[in-house]
1. Just to be sure I understand: with springs between alpha-carbon atoms less than 10 Å apart, which residue in 216, 11, 269 has the highest mean-square fluctuation in the Gaussian network model of the chain?
2. Please rank 175, 96, fewest neighbouring Cβ atoms within 10 Å first, as an exposure proxy.
3. How would 97, 20 line up from fewest to most surrounding beta-carbon atoms within 10 angstrom?
4. When only C-alpha pairs under 8 Å and at least 6 residues apart count, what is the relative contact order of segment 1-134, in percent?
5. Considering only 66, 158, 56, give the residue with the highest GNM mean-square fluctuation for the chain, with springs between Cα atoms whenever their separation is below 10 Å.
6. Would you mind getting the Kirkwood hydrodynamic radius of the chain from its Cα pairs, rounded to one decimal in Å?
7. With a length cut of 18 Å (Cα positions projected on each helix's long axis) and a Kyte-Doolittle mean of at least 0.0, go through the chain and give me the DSSP H helices that pass.
8. Could you grab the relative contact order for the chain? Cα pairs under 8 Å, six or more apart, rounded to a whole percent.
Amino acid sequence: MDRQTNTPLVTIAIPAYKTDFLAEAISSALSQTYADIEVIVVDDASPNDVQGIVARFSDNRLSYHRNEKNLGKEDPSRNWNRCLELAKGDFICLLCDDDVYHKDFIAELISLQSKYPGCNAFRCGVKEIDSDGNTTEYYPLAPERQCIEEYIWHLHSRNNRQTMSEWMLRTSALCGINGYASAPMAWGADCATIFRIGRNGGVASSARRLMSFRRTDKNITGRTFSYNQKKLIGWRQQCHVATEIVNAGSHPDKKMIIRTIEKDMRNETKFLVKHASIKELFSMYAEREKYGLTFSLFLKGIWQNIKHLTHSVR
């Protein structure tokens, strides 16, 4: 993937569509104690006034770009890659338009990069917040340095969780894997991206919780009875990438790690089918081998819809 010539900057890219918390996201990016940054807001042809919100800030490190058409409707990672094309930094951080950085986010990850110069992927601890900014949950913390196989194991054994906003990635390495992974609704695209970029050099993690992931009813991840067919496609793609990487490596416990991935894929399939709509269920059953959907699981999904409709009527 082609991009502009690197300069000694960290790029914070904000792929923007929603605007409810965009000003807070921009403010948190510009308030970093590590000052050698650029902040780019890439408006994905939003119907909301993204440009007006950006115009509230007077900072020559901030720039605004608007896509001629909406790139991320079916796959938000297409706009992530537009951000990558515009980035000038040696490192890129992707801050979602409703998430928030602590002021030391970049400084901490730059320090981590100095400690592990052979690594291409750096992350911090995460806390989850609600619409009012109240902390509702902590994500599990990870070891400071992991090979990619062990990072994959931690993620698929549910000892860890991740989002895209917690990462700082080496831009040249990200371009070297053709940018952010593609998936329907970008479901699993963040994990697949990290698996690929971490193949060489592993992953470095800070124990400091310096990124706040905001969960609201507008998050795709928080919706039930919608998008579950697309989520399942993305999830299975992520699992296939993980399996391929582990298989190709030389980790002594690769068989155990692959069994963990397979178990997680089965469990997530059951969960997503359980929460799929009737329309999605019939569509998935028509290609049941593609989705790992058995007749028994199909019936359980139908029954869950009946219970959901019954509860709604009450």
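1. The residue that fluctuates most here is 216.
2. Fewest-to-most Cβ neighbours within 10 Å comes out as 175, 96.
3. 20, 97
4. Contact order relative to length: 36 percent.
5. 56
6. One over the average 1/r among Cα pairs gives 20.3 Å for the chain.
7. Taking the DSSP H segments of the chain (at least 18 Å long, mean hydropathy at least 0.0), we get 295-313.
8. 18 percent.
Here, each number is a calculation from the coordinates, and none is a lab measurement. The structure presented is a predicted model; accordingly, all values stated were derived computationally and were not measured. Neighbour counts are summed over all protein chains in view; Cβ atoms, including those assigned to glycine, are modelled from backbone coordinates with ideal geometry.
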